[in-house]
Amino acid sequence: MGHLIAQTHHLNFSFSSSKQLLHDLNLNIPQGSIYCFLGPNGAGKTTTLRLLLGLLKADQNAISIFDQQLFFNRMSILRRVGALIEEPSVYLHLTGRENLKIYRLCYSCDKKRVDEVLEIVDLHHADKQPVKTYSLGMKQRLGIAIALLHDPEFLILDEPTNGLDPQGIIEIRLLIKRLNTDFLKTILISSHLLSEVEKIATHFGIIHKGRLLFQGSREALLKLKSDSHSVELETTNNEKAAVLLGDRFRIRKINHAVLQVSSVGKEEIPTLSAFLVKKNIGIYRIGVLANNLEDIFIEMVSS
Amino acid sequence: MTFIFILNTQAELLKCKNTAATWLTVTGAAFIPAINVIKCISKPDYFVPKMENDPWRVWIGYNWQIAAAFFLMMYIILVTNLVVQIEYRNKAWKQVYTTPRSYGDIFLSKFLVINLMVISCFVLFGLFIIAGAYLTASIQHRYTFLLHPVPIGEMMNISLKMYCSTWAVLAIQYWAGLRISNFIIPLGLGLVLFTIGFMIRQWEGIEYYPYMYPFLVYFENPGLPADTAHSALLNSTLWMGIFLLFGFLQVSTTGEKG
């Protein structure tokens, strides 16, 4: 793993003492990566991102960005971080250009940056239009333009494709990819849909119920994919087969027609079929299901 | 540091462009003089004799009496909430807090912008008073405004005193607006406290009640100590200090921002 741009150290968080939202979270976000923070709704993604931006208060040593502790260096860190949290925070009564001017003043950056970021997010044609007339996709792009205004090294984007149509999702995805490759930004992006980000992410962190279930490179996740299979069977007695296999494997789906077993290693498939035959269960059909990243993700969060 | 604060205040001012707060400032300042122009043009027989000797003093009084008794406080309560609501309505607080600005900067620049709005309203009110008088005199020639000099010094003195009398309520409403994201609650709270003020305006402790300060400063207060207006101005400053401190603590210590 290369140099880490952001880290959390045993990060715990709760709004009230009765319900802890994050449990011992150790995020490692490498420089230059597109780190995709995945998890179902309510998993703790936005809470984590808010903690990383200082919008929620974490323990003193729990978060470090650019090798500095956020608790003590909030302003110097935020000068180098751009953020889009949940829906874009834009002033609807102002034009796109005026919105950018507000943040240009706050970041004390050069006037020409406004045109540059409008160019990057392809909003030049609509810069004098009131933001209330923008589509959701345009607002998201304006939000990203605001985040880019001060040329930050690290971008934090919370579900930037949320609510967009397929065309809008593709546009944002391409933009994020371009920001990483052409502008060398490290990007932390959260999503609840792996399919939206699997094409661009270089690293993944999978969170569920406040716990980090997986963290690693795209290659490490793909290795999981090749190591683990889901098998679909049609047998003389699916119920009995499920009971017998349930001790060793995870039963994903069962009905009178099919039995789906997951987390099966490739070398275990012959053993599995021999085991069922030995127990007098006839096999009509057995096949390996196409296993994509989405399956791995769903499996992780449902197990 | 000062330069960054000025830039941030400029950014806060830009946020107010085309908002209800700006329109309220302009129309609010024009409203009373406009009504008085209509009143004086439509009933010259009644008003001309009243303004024969010192037309400007009477005219300024007509305008300021209504403002001091009612409209000024309504404006202060409304404009403070409207400016703070710009962030809530656009869900922009979280973006504000992710910019590299100190909490003191965020807190004070917005308060300064509210004050600039109020000062603008006072200046516009003064200009509309003068313009209204000239308009009245040009339509109804029996009014003698053109024959007397405009008492600029007196107008500025009244405006300054009245502005100082609003400081306490500005700070209280600002604190309430920051604390409560709902638009109606701080607004309702302000209006209720203002109404209560009218009901207790003869109370001997009224000088400690911020929502009556413009009233106490502008009007004679029979039955109250002679220095009530002076005390009200002093207390207005003290209350402002206290509630600015509360507001700053609210902004800087709250665990959940945006």
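Below is a table of values for the structure above.
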{"item": "Every pair of residues 6+ apart whose Cβ atoms lie under 6 Å, when the first sits in region B:209-235 and is of a type in the set (Val, Ile, Thr) while the second is in a helix (DSSP H, G or I)", "result": "B:Val217/B:Lys161; B:Val217/B:Ser165; B:Val217/B:Ala229; B:Val217/B:Ala232; B:Thr228/B:Glu207; B:Thr228/B:Leu216"}
{"item": "Flag if A:Leu49 is within 22 Å of the chain's Cα centre (by Cα), within 13 Å of chain B (Cβ to nearest Cβ) and either at positive phi or in contact (Cβ under 8 Å) with a residue 12 or more places away in the chain (or both)", "result": "yes"}
{"item": "Which listed residue, of B:Asn63, B:Asn8, is farther than 26 Å from A:Leu92 by Cβ and in contact (Cβ under 8 Å) with a residue 24 or more places away in the chain", "result": "B:Asn63"}
{"item": "Residue in region A:181-199 that is farthest from A:Phe66 (Cα to Cα), counting only those that are surrounded by 20 or more Cβ atoms within 10 Å (Cβ to Cβ) and modelled with pLDDT of 90 or more", "result": "A:Ser190"}
{"item": "Some residue of region A:13-23 being surrounded by fewer than 22 Cβ atoms within 10 Å (Cβ to Cβ), more than 14 Å from every other protein chain (Cβ to nearest Cβ), part of a loop (DSSP other than H, G, I, E, B) and on the phi < 0 side of the Ramachandran plot", "result": "yes"}
{"item": "Qualifying residues in region B:69-79 (those that are in contact (Cβ under 8 Å) with a residue 60 or more places away in the chain and buried (at least 20 other Cβ atoms within 10 Å of the Cβ)) - the one farthest from B:Leu189 (Cα to Cα)", "result": "B:Leu72"}
{"item": "Qualifying residue in region A:109-121 (condition: buried (at least 20 other Cβ atoms within 10 Å of the Cβ), over 30 Å from A:Leu27 (Cβ atoms) and without any contact (Cβ under 8 Å) to a residue 24 or more places away in the chain)", "result": "no"}
{"item": "Elements of type helices (runs of 4 or more DSSP H) contained in region A:86-165, each with 1 or more residues being facing chain B (nearest Cβ under 10 Å)", "result": "A:96-107, A:136-148"}
{"item": "Failed criterion for B:Lys43 (all others in (1) away from chain A (no Cβ under 14 Å); (2) in contact with a helix residue (DSSP H, G or I) (Cβ under 6 Å, 6 or more places away or on another chain) hold)", "result": "(2)"}
{"item": "Which listed residue is within 14 Å of chain A (Cβ to nearest Cβ), modelled with pLDDT under 95 and in a helix (DSSP H, G or I), from B:Phe70, B:Phe3", "result": "B:Phe3"}
{"item": "1 or more residues over 25 Å from the mean Cα position of the chain (by Cα): qualifying helices (runs of 4 or more DSSP H) within region B:79-181", "result": "B:93-97, B:103-139"}
{"item": "Residue match in region B:105-113 (condition: within 14 Å of chain A (Cβ to nearest Cβ), farther than 17 Å from B:Leu245 by Cα and crowded, with 20+ Cβ neighbours inside 10 Å)", "result": "yes"}
{"item": "Among (1) under 27 Å from B:Leu14 (Cα atoms); (2) surrounded by 20 or more Cβ atoms within 10 Å (Cβ to Cβ), the one test that B:Asn182 misses", "result": "(2)"}
{"item": "Looking only at region A:66-85, and only at residues there that are assigned to a loop (DSSP other than H, G, I, E, B) and more than 7 Å from every other protein chain (Cβ to nearest Cβ), the one that is surrounded by the most Cβ atoms within 10 Å (Cβ to Cβ)", "result": "A:Leu70"}
{"item": "Within region B:1-57, considering residues that are under 19 Å from B:Met155 (Cβ atoms) and in contact with an Asp or Glu (Cβ under 9 Å, 6 or more places away or on another chain), the one surrounded by the most Cβ atoms within 10 Å (Cβ to Cβ)", "result": "B:Trp56"}
{"item": "Matching residues, region B:216-258, being in a loop (DSSP other than H, G, I, E, B) and either within 14 Å of chain A (Cβ to nearest Cβ) or of a type in the set (Phe, Trp, Tyr) (or both)", "result": "B:Phe219, B:Thr254, B:Gly255, B:Lys257, B:Gly258"}
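This table checks each residue for (1) in the same structural domain as A:Val288 (by TED's automatic domain parsing); (2) in contact with a helix residue (DSSP H, G or I) (Cβ under 9 Å, 6 or more places away or on another chain); (3) part of a helix (DSSP H, G or I); (4) touching a residue at least 24 places away in the same chain (Cβ under 8 Å).
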position: A:Glu232; (1), (2), (3), (4): yes, no, no, yes
position: A:Ala241; (1), (2), (3), (4): yes, yes, yes, yes
position: A:Leu245; (1), (2), (3), (4): yes, yes, yes, yes
position: A:Ile251; (1), (2), (3), (4): yes, yes, no, no
position: A:Gln260; (1), (2), (3), (4): yes, no, no, yes
position: A:Ile269; (1), (2), (3), (4): yes, no, yes, yes
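The values are calculated or read from the model by the stated rules, or taken from the named source; none is laboratory data. Computed from a predicted model, the values in this text were never measured in an experiment. Cβ coordinates were reconstructed from backbone atoms using ideal geometry, including for glycine residues, and neighbour counts include every protein chain displayed.
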